[in-house]
Structures are given as structure tokens and as C-alpha cells.
Amino acid sequence: MRFVEEAVTAPAVLTSPDGAVIAVDVGGTTIKGALVDADGHFMRELARATPAARGPEAVISEVQAVVAELDAAAPGPQASVRSVAVVIPGIVDAAAGRAEYSANLGLRDVPLRDLIESTVGLPTLLEHDVRAAGVAERTVGITSGVDDYLLAVIGTGISGVVHAGGQPVRGASGIAGELGHIPVWPGGEPCPCGQRGCLERYASASSIARRYVEFGGERGASPHEVAARRTSDPAAGRAWHEATESLAIAFVTCTMLLDPEMIVLAGGLSAAGDELLAPVEAELSARVTWREPPPVRLSPLGGRAGLVGAAVLAWQLLGVKAFGRWTTSPES
Ligand SMILES: [Zn+2]
């Protein structure tokens with residue numbers, strides 16, 4: 001907290017700061033980490049399997065190990081590490097630095113920020129992964145300068161970021177954007193959330209793989225393999241079609257409610273590219289009859305939006321506000 005107070009009173013803009021920050025995106029299956037300089041270059045990247053099955057202590061230890069390894073990898077004093085940002089799924093109290101509840105990681109009421117800060121002794125920030133993805137998109141991504149949009153992050157689960165009038169919509173209790181739990185099929189599949197017919201049960205990466213098997217497809221196929229087989233394998237065709245149709249139905253609801261300038265697809269599933277975009281666009285167009293549907297775009301950040309967002313947040317924690325030199329190329 002002491003650092004945050006200092007940051008508020010520090011000079012507002014550091015134009016060309018030295019050093020690097022550590023960004024960590026803790027997902028349900030993979031922990032991704034990167035050492036990122038002030039121009040957005042990824043100097044070092046690593047990925048580890050998330051040991052969620054071994055319990056919360058194992059997950060916390062692995063995150064601490066990733067941060068320590070990146071800290072040790074900083075190449076000399078000119079790239080010494082200055083701050084850390086960790087982003088996680090679930091319910092996050094960013095101000096308190098607590099992981100309140102994260103089903104995918106098995107975390108409940110964990111002071112994760114302080115646990116990491118004590119590992120490396122650097123100012124550390126904890127944020128929700130999808131909010132971080134939203135920060136990445138509006139700072140260095142496709143929605144930079146766009147006031148009204150919906151960002152749909154489709155990975156193991158589905159979540160969304162809504163921007164209206166240039167501001168993120170957080171909601172009365174801070175959990176607006178639960179796109180994955182919009183019911184798209186009344187009386188449909190039961191969802192672990194307690195509702196039925198939720199979008200996430202049809203269109204998340206894990207649900208596509210699960211439903212492909214339920215329809216008679218091969219066990220162990222990735223969502224991308226399901227997409228690639230959609231014209232040759234009826235089970236793949238059905239799983240993929242119902243996923244893209246479900247997304248389009250949810251986007252009709254969002255279009256009517258929000259009138260967005262664009263809908264952006266991000267997260268791991270967006271790597272499917274046109275195989276995802278084309279049917280979603282077609283289904284949305286077919287369903288919106290009396291007005292123009294908003295354009296649907298693929299995020300250039302794709303599955304790295306959360307990690308890039310963590311890097312932006314880590315630099316913002318140091319008072320940096322200029323990100324004009326960052327590119328969105330995956331090679332950067
Ligand atoms: Zn649900």
C-alpha cells in the first residue's frame with residue numbers, strides 16, 4: 001500500500017523508463033509468465049502447467065516460482081525488475097490484493113498479492129484476468145479509441161468486458177460481464193452455476209471438446225481439432241455449429257442491450273480465426289433483422305490478452321501512462 005501512495009504523488013509520466021516488469025497470467029490449465037520492457041517487448045516468456053489438482057498451496061507455490069524465475073532471468077541492471085502484476089480468473093478484490101474465489105484454481109480468500117510481494121520484494125498488483133484483457137485491448141489492442149464495445153474472452157470458460165460511453169461497466173457488485181452465464185437455450189444443459197442453458201456450456205473451449213465426445217467424437221481432441229474436422233466429421237460439425245450459434249444468440253442479446261460499435265473475440269478459442277469468426281458473423285447477421293449487426297472482430301492479442309494486460313498494469317503501477325510504442329504483434 002505504501003508504494004501505491006507514492007505512485008499517486010510521483011511524476012505522472014515516465015517517458016522512457018528502464019527496467020522490466022513481470023506479468024503472470026494464471027489460467028486453469030497453464031500459468032504464463034513474461035518479462036516485459038517499457039516498450040512492450042517480451043524479453044523472456046515461460047509457461048508451466050497449473051497444478052490445480054494438487055491444491056491451492058501448490059498453485060500459489062508455482063506462481064511464486066514463476067515470478068522468482070523471471071526475476072532471476074532479468075538481464076543485468078538495465079533490465080532489473082521493477083514491479084509484478086498477476087492476473088487470475090474468478091472473483092478478485094484488486095484493491096485488497098485478494099483472490100476471493102477462483103474455482104479453476106481452487107483458491108478461496110487468499111492474500112495472493114502479499115504472498116507474491118513477499119517472495120520478490122517488488123510492488124505487486126493482483127487483478128482479474130478478463131479485466132486485464134480489457135485493459136490490454138483498450139490500451140494497445142483493437143478497441144483503443146473505441147467507446148462502446150463488447151470483448152468476449154473465450155477460453156476454458158467465457159467472460160466478457162463491456163465498455164459503454166468510454167467506461168468499463170463493472171456493475172453494482174463488480175461482476176458485470178458474466179457473458180458465459182447468459183442463458184442461450186431455455187431449459188438447456190445444466191451449468192455448475194445452478195442455471196440451465198448457459199452460453200459457457202456450449203461454446204467454451206472445454207465445452208466444445210466435451211460435447212464433441214458426447215456426440216460420438218474422439219476423446220482428447222482439442223477445440224481447434226474439432227474446428228478443423230467440422231466439415232468431415234458430423235460430431236465435430238454439430239459441436240462447432242452449436243458453439244458458434246450459441247455465441248451468436250448471446251451476441252444478439254448484447255447487441256440489443258448495448259448497441260456496441262464492435263464485438264471482439266479474444267481468448268484461446270479466438271486462435272481458430274476465420275473458422276470461429278465467419279460462422280459467428282453469419283449467425284449474428286441472420287438473427288438481427290431490423291438493424292445492422294455490429295462488426296465482429298478477432299483480437300490481435302488472442303490468447304495473450306490477459307498476459308499483455310498484466311504487463312500494462314504492472315507498468316501503470318509505476319506511473320507509466322504512455323503505451324504508444326507497444327505493438328500487438330505476438331512476436332513483439
Ligand atoms: Zn452458468
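Computed over Cα pairs, the Kirkwood radius of region 235-281 leads via Stokes-Einstein (1.002 mPa s, 20 °C) to a diffusion coefficient of 188 µm² per second. Between His41 and Ala103, the C-beta separation translates, for a Förster distance of 30 Å, into a calculated FRET efficiency of about 0.30. Compactness of region 145-299 was expressed as the Cα radius of gyration divided by 2.2 N^0.38 Å, which yields 1.01.
Compute the long axis of helix 205-214 from its Cα atoms, compare it with the longest principal axis of the Cα atoms of the chain, and write down the angle in degrees, 0 to 90, nearest 10. Helix 205-214 and the main axis of the chain meet at about 30 degrees. Contact order for region 145-299, expressed relative to its length and based on alpha carbon pairs under 8 Å spaced 6+ residues apart, stands at 24 percent. The overall shape of region 215-332, judged from the alpha-carbon gyration tensor, is oblate: a/c is not under 1.5, and a/b is no greater than b/c. According to the square roots a ≥ b ≥ c of the eigenvalues of the Cα gyration tensor, what is the shape class of region 116-195, taking rounded for a/c under 1.5, prolate for a/b larger than b/c otherwise, and oblate for the remainder? Oblate shape, in that a/c is at least 1.5 and b/c is the bigger or equal ratio. Amide H to amide H, with H built 1.01 Å from N, Ser83 comes under 5 Å of Ile22, counting only residues 5 or more places away or on other chains. Given R0 = 30 Å, the distance between the Cβ atoms of Ala286 and Ala228 translates into a calculated FRET efficiency of 0.80.
With the cut-off at 1.5 for a/c, could you classify region 47-192 from its C-alpha gyration tensor as rounded, prolate or oblate? Note, shape of region 47-192 comes out oblate. Hydrodynamic analysis of the chain uses the Kirkwood radius over alpha carbon pairs. Inserted into Stokes-Einstein at 20 °C and 1.002 mPa s, it gives a translational diffusion coefficient of 105 µm²/s. Note on Arg219 and Ala53: their simple-model spin labels are 1.3 nm apart, each label 7 Å out from Cα toward Cβ. Taking other C-beta atoms within 10 angstrom as a stand-in for reagent exposure, Cys193, Cys254, Cys198 fall in the order Cys193, Cys254, Cys198, fewest first. Can you list the residues of region 250-293 with backbone N under 12 Å from a point 7 Å past the Cα of Asp147, pointing along Cα to Cβ? Backbone N within reach: 261. 3J(HN,Hα) along region 243-249, derived from phi through the Karplus expression 6.51 cos²θ - 1.76 cosθ + 1.60 where θ = phi - 60°, amounts to 5, 5, 5, 5, 4, 4, 4 Hz, with x in place of Gly and Pro.
Applied to region 135-152, the Karplus parametrisation 6.51 cos²θ - 1.76 cosθ + 1.60 on θ = phi - 60° returns per-residue 3J(HN,Hα) values of 4, 4, 5, 7, 8, 10, x, 6, 9, 4, x, 9, 8, 10, 7, 10, 9, 9 Hz, with x for Gly and Pro.
Coordinate-derived values only; no laboratory data. Keep in mind it's a predicted model, so treat the numbers as computed, not measured. Heads up, the Cβs are rebuilt from the backbone with ideal geometry, glycines too, and the neighbour counts pull from every protein chain shown.
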